[in-house]
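Below is one structure, written out as C-alpha coordinates, with a few remarks after it.
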Amino acid sequence: MTFNLPIFLTILRILAIPLVVLFFYLDMPLTASTIFGLAGLTDFVDGYLARKYNQESRFGAFLDPVADKLLVAVALLLIVEREGMMWITMAAVLIISREITISALREWMAETGQRSKVAVAYIGKVKAVTQILSLIFLLYNQDLWGLPLREVGLVFLVIATVLTVISMVQYLHAAFSSDSTEK
(Lines give C-alpha, C1' and ligand atoms only; values in the text may rest on other atoms or scores of the structure.)
Protein backbone atom coordinates (compact mmCIF):
# COMPACT_ATOMS: atom_id res chain seq x y z
CA MET A 1 0.00 0.00 0.00
CA THR A 2 1.27 3.43 -0.96
CA PHE A 3 0.88 6.19 1.60
CA ASN A 4 0.67 9.71 0.18
CA LEU A 5 -1.02 13.03 0.87
CA PRO A 6 -4.32 12.18 -0.89
CA ILE A 7 -4.63 8.96 1.14
CA PHE A 8 -3.71 10.85 4.31
CA LEU A 9 -6.51 13.35 3.62
CA THR A 10 -8.95 10.49 3.05
CA ILE A 11 -7.95 8.91 6.36
CA LEU A 12 -8.42 12.29 8.06
CA ARG A 13 -11.95 12.37 6.62
CA ILE A 14 -12.70 9.05 8.31
CA LEU A 15 -11.12 10.19 11.58
CA ALA A 16 -13.27 13.33 11.51
CA ILE A 17 -16.47 11.27 11.77
CA PRO A 18 -16.30 10.58 15.53
CA LEU A 19 -15.47 14.26 16.10
CA VAL A 20 -18.57 15.35 14.20
CA VAL A 21 -20.65 12.97 16.34
CA LEU A 22 -18.98 14.13 19.57
CA PHE A 23 -19.51 17.83 18.91
CA PHE A 24 -23.05 17.20 17.66
CA TYR A 25 -23.94 15.60 21.00
CA LEU A 26 -22.01 18.20 22.98
CA ASP A 27 -24.40 20.69 21.37
CA MET A 28 -21.59 22.51 19.62
CA PRO A 29 -23.13 22.88 16.15
CA LEU A 30 -20.57 25.33 14.79
CA THR A 31 -17.73 22.95 15.63
CA ALA A 32 -19.58 19.88 14.33
CA SER A 33 -20.56 21.56 11.06
CA THR A 34 -17.08 23.07 10.58
CA ILE A 35 -15.36 19.72 11.05
CA PHE A 36 -17.87 18.12 8.70
CA GLY A 37 -17.34 20.88 6.13
CA LEU A 38 -13.56 20.58 6.29
CA ALA A 39 -13.83 16.81 5.98
CA GLY A 40 -16.12 17.26 2.97
CA LEU A 41 -13.61 19.64 1.43
CA THR A 42 -10.88 17.00 1.68
CA ASP A 43 -12.94 14.85 -0.69
CA PHE A 44 -12.33 17.35 -3.47
CA VAL A 45 -8.76 18.16 -2.47
CA ASP A 46 -7.54 14.55 -2.23
CA GLY A 47 -8.88 13.70 -5.69
CA TYR A 48 -7.37 16.83 -7.19
CA LEU A 49 -3.97 16.15 -5.61
CA ALA A 50 -4.01 12.49 -6.61
CA ARG A 51 -4.62 13.40 -10.25
CA LYS A 52 -2.30 16.42 -10.32
CA TYR A 53 0.68 14.60 -8.80
CA ASN A 54 -0.08 11.22 -10.35
CA GLN A 55 -0.65 9.65 -6.93
CA GLU A 56 -3.75 7.68 -7.80
CA SER A 57 -3.73 4.19 -6.35
CA ARG A 58 -6.04 1.21 -6.04
CA PHE A 59 -6.12 1.68 -2.27
CA GLY A 60 -7.03 5.35 -2.64
CA ALA A 61 -9.69 4.49 -5.22
CA PHE A 62 -11.18 2.04 -2.70
CA LEU A 63 -10.85 4.20 0.43
CA ASP A 64 -12.04 7.54 -0.98
CA PRO A 65 -15.65 6.54 -1.72
CA VAL A 66 -15.84 4.56 1.53
CA ALA A 67 -14.82 7.68 3.48
CA ASP A 68 -17.34 9.80 1.57
CA LYS A 69 -20.20 7.44 2.18
CA LEU A 70 -19.39 6.98 5.87
CA LEU A 71 -19.18 10.73 6.43
CA VAL A 72 -22.48 11.44 4.66
CA ALA A 73 -24.32 8.48 6.23
CA VAL A 74 -23.29 9.43 9.77
CA ALA A 75 -24.31 13.07 9.27
CA LEU A 76 -27.66 11.95 7.84
CA LEU A 77 -28.24 9.67 10.83
CA LEU A 78 -27.55 12.52 13.25
CA ILE A 79 -29.95 14.82 11.42
CA VAL A 80 -32.65 12.15 11.15
CA GLU A 81 -32.42 11.53 14.89
CA ARG A 82 -32.67 15.22 15.75
CA GLU A 83 -35.39 16.14 13.24
CA GLY A 84 -37.64 13.08 13.59
CA MET A 85 -39.53 13.96 10.39
CA MET A 86 -40.66 11.27 7.97
CA TRP A 87 -39.65 13.14 4.81
CA ILE A 88 -36.13 13.78 6.13
CA THR A 89 -35.86 10.11 7.06
CA MET A 90 -37.04 9.14 3.55
CA ALA A 91 -34.45 11.47 2.02
CA ALA A 92 -31.75 9.85 4.15
CA VAL A 93 -32.96 6.36 3.21
CA LEU A 94 -32.88 7.24 -0.49
CA ILE A 95 -29.42 8.80 -0.27
CA ILE A 96 -27.88 5.96 1.75
CA SER A 97 -29.62 3.30 -0.37
CA ARG A 98 -28.32 4.90 -3.56
CA GLU A 99 -24.78 4.96 -2.21
CA ILE A 100 -24.90 1.27 -1.28
CA THR A 101 -26.53 0.31 -4.59
CA ILE A 102 -24.09 2.23 -6.77
CA SER A 103 -21.08 0.99 -4.78
CA ALA A 104 -22.25 -2.60 -5.28
CA LEU A 105 -22.98 -1.90 -8.94
CA ARG A 106 -19.48 -0.51 -9.47
CA GLU A 107 -17.97 -3.58 -7.80
CA TRP A 108 -20.02 -5.90 -9.98
CA MET A 109 -19.21 -3.95 -13.14
CA ALA A 110 -15.51 -4.02 -12.25
CA GLU A 111 -15.69 -7.81 -11.91
CA THR A 112 -17.21 -8.04 -15.38
CA GLY A 113 -14.57 -5.71 -16.84
CA GLN A 114 -17.06 -2.89 -17.41
CA ARG A 115 -16.19 -0.44 -14.62
CA SER A 116 -15.98 2.45 -17.09
CA LYS A 117 -19.74 2.13 -17.74
CA VAL A 118 -20.38 3.42 -14.20
CA ALA A 119 -17.52 5.89 -13.82
CA VAL A 120 -18.27 9.00 -11.77
CA ALA A 121 -20.42 11.35 -13.82
CA TYR A 122 -20.85 15.12 -13.54
CA ILE A 123 -24.26 14.75 -11.90
CA GLY A 124 -22.61 12.67 -9.17
CA LYS A 125 -20.22 15.51 -8.43
CA VAL A 126 -23.05 18.05 -8.28
CA LYS A 127 -24.99 15.67 -6.01
CA ALA A 128 -21.97 15.37 -3.71
CA VAL A 129 -21.53 19.14 -3.42
CA THR A 130 -25.24 19.63 -2.77
CA GLN A 131 -25.23 16.91 -0.09
CA ILE A 132 -22.21 18.36 1.67
CA LEU A 133 -23.68 21.89 1.69
CA SER A 134 -27.03 20.57 2.90
CA LEU A 135 -25.43 18.62 5.72
CA ILE A 136 -23.19 21.51 6.79
CA PHE A 137 -26.23 23.77 7.12
CA LEU A 138 -28.36 21.11 8.81
CA LEU A 139 -25.63 20.21 11.29
CA TYR A 140 -25.26 23.90 12.12
CA ASN A 141 -29.07 24.17 12.40
CA GLN A 142 -29.17 27.87 13.28
CA ASP A 143 -29.51 31.21 11.60
CA LEU A 144 -26.26 32.92 10.71
CA TRP A 145 -26.20 36.69 10.12
CA GLY A 146 -29.94 36.56 9.54
CA LEU A 147 -29.72 33.71 7.02
CA PRO A 148 -31.99 30.76 7.88
CA LEU A 149 -29.33 28.10 7.29
CA ARG A 150 -31.49 25.23 8.56
CA GLU A 151 -34.16 26.03 5.96
CA VAL A 152 -31.50 26.48 3.27
CA GLY A 153 -30.10 23.11 4.31
CA LEU A 154 -33.56 21.53 3.97
CA VAL A 155 -33.91 22.95 0.44
CA PHE A 156 -30.45 21.62 -0.45
CA LEU A 157 -31.44 18.24 1.03
CA VAL A 158 -34.44 18.07 -1.30
CA ILE A 159 -32.24 19.00 -4.27
CA ALA A 160 -29.60 16.46 -3.21
CA THR A 161 -32.25 13.76 -2.90
CA VAL A 162 -33.63 14.48 -6.37
CA LEU A 163 -30.09 14.45 -7.83
CA THR A 164 -29.43 11.23 -5.93
CA VAL A 165 -32.37 9.48 -7.56
CA ILE A 166 -31.59 10.89 -11.02
CA SER A 167 -27.94 9.85 -10.80
CA MET A 168 -28.89 6.37 -9.59
CA VAL A 169 -31.23 5.91 -12.55
CA GLN A 170 -28.48 7.12 -14.91
CA TYR A 171 -25.89 4.74 -13.45
CA LEU A 172 -28.31 1.80 -13.54
CA HIS A 173 -29.28 2.62 -17.11
CA ALA A 174 -25.63 2.81 -18.14
CA ALA A 175 -24.87 -0.50 -16.46
CA PHE A 176 -27.86 -2.34 -17.88
CA SER A 177 -27.96 -0.90 -21.36
CA SER A 178 -28.29 -3.52 -24.09
CA ASP A 179 -24.64 -4.52 -24.34
CA SER A 180 -23.55 -3.88 -20.74
CA THR A 181 -24.38 -7.27 -19.25
CA GLU A 182 -23.31 -9.58 -22.05
CA LYS A 183 -19.81 -10.33 -20.71
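The values are calculated or read from the model by the stated rules, or taken from the named source; none is laboratory data. Predicted model only: the values in this text are computed from it and were never measured. Heads up, the Cβs are rebuilt from the backbone with ideal geometry, glycines too, and the neighbour counts pull from every protein chain shown. Keep in mind that these areas ignore ligands, DNA and RNA; they rest on the heavy atoms of the full protein, side chains included. Shrake-Rupley method; radii C 1.70, N 1.55, O 1.52, S 1.80 Å.
Side notes on the structure shown:
- Given charges at Cβ of Lys, Arg, Asp, Glu: the chain dipole, positive-most of Gly146, Tyr171, Thr112: Thr112
- Calculated FRET value between Asp143 and Ile100, using beta carbons and R₀ = 35 Å, to 0.05: 0.55
- Candidates Ile79, Ile123, Ile132: whichever shows maximal mean-square fluctuation once the chain is modelled as a Gaussian network with Cα springs under 10 Å: Ile123
- Each of Lys52, Lys127, Lys69 has its accessible area taken with a 1.4 Å probe; listed largest first, they run Lys52, Lys69, Lys127.
- On Cα atoms only, tilt of 58-83 relative to the major axis of the chain in degrees: 30 degrees
- Nearest-10 value in Å² for the accessible area of Asp143, using the 1.4 Å probe: 100 Å²
- 3J(HN,Hα) along the range 88-96, derived from phi through the Karplus expression 6.51 cos²θ - 1.76 cosθ + 1.60 where θ = phi - 60°, amounts to 5, 4, 5, 4, 5, 4, 4, 5, 5 Hz, with x in place of Gly and Pro.
- Selected from Arg82, Arg150, Arg106 as most flexible by GNM, with the chain as the system and alpha-carbon contacts under 10 Å: Arg82
- Descending principal axes extents, the range 64-183, alpha-carbon based, whole Å: 55, 25, 23
- Positive-end residue, the chain charge dipole about Cα centroid, Cβ charges, pick of Ile88, Gln131, Gly47: Gly47
- Extension gain for the segment Ser177 to Asp27, taken as residue separation times 0.36 nm less the Cα-Cα distance, is 49.2 nm to one decimal.
- Per residue solvent-accessible surface (Å²) - the chain, probe of 1.4 Å: 55 Å²
- For the range 53-125, the extents of the C-alpha atoms along the principal axes are 42, 27, 21 Å, listed from largest to smallest.
- Scattering from the range 1-152 was approximated by placing one identical point on each alpha carbon and applying the Debye formula without solvent; log10 I(q)/I(0) at 0.13, 0.20, 0.21 1/Å stands at -0.63, -1.32, -1.40.
- Near Ala121, no amide H atom lies under 5 Å from its own; only residues 5 or more places off or on other chains count, and H is placed 1.01 Å from N.
- The chain, helix-only ellipticity at 222 nm - DSSP H runs n ≥ 4, -39,500 (n - 2.57), divided by all residues, nearest 500: -27500 deg cm²/dmol
- Among the protein heavy atoms of the chain, carbon and sulfur supply 70% of the accessible surface, probe 1.4 Å, non-protein parts ignored.
- Heavy atoms of Leu38 accessible to a 1.4 Å probe, total area in Å² rounded to 10: 110 Å²
- Contact order relative to length of the range 69-183, as percent, for alpha carbon pairs under 8 angstrom and 6 or more apart: 31 percent
- Taking the range 1-24 and a reference point 7 angstrom along Cα→Cβ of Tyr48, the backbone N atoms nearer than 14 Å belong to 6.
- Ordered by 1.4 Å accessible area with all protein chains kept, Trp145, Trp108 run largest first as Trp145, Trp108.
- Accessible surface comparison of Tyr140, Tyr25, probe 1.4 Å, protein chains only, largest first: the order is Tyr25, Tyr140.
- Taking 20 °C and 1.002 mPa s as conditions, the range 1-87 diffuses translationally at an estimated 158 µm²/s according to Stokes-Einstein applied to its Kirkwood radius (Cα pairs).
- Put a plus charge on the Cβ of each Lys and Arg, a minus charge on the Cβ of each Asp and Glu, and nothing anywhere else: the dipole of the range 1-121 about its Cα centre is then about 340 debye.
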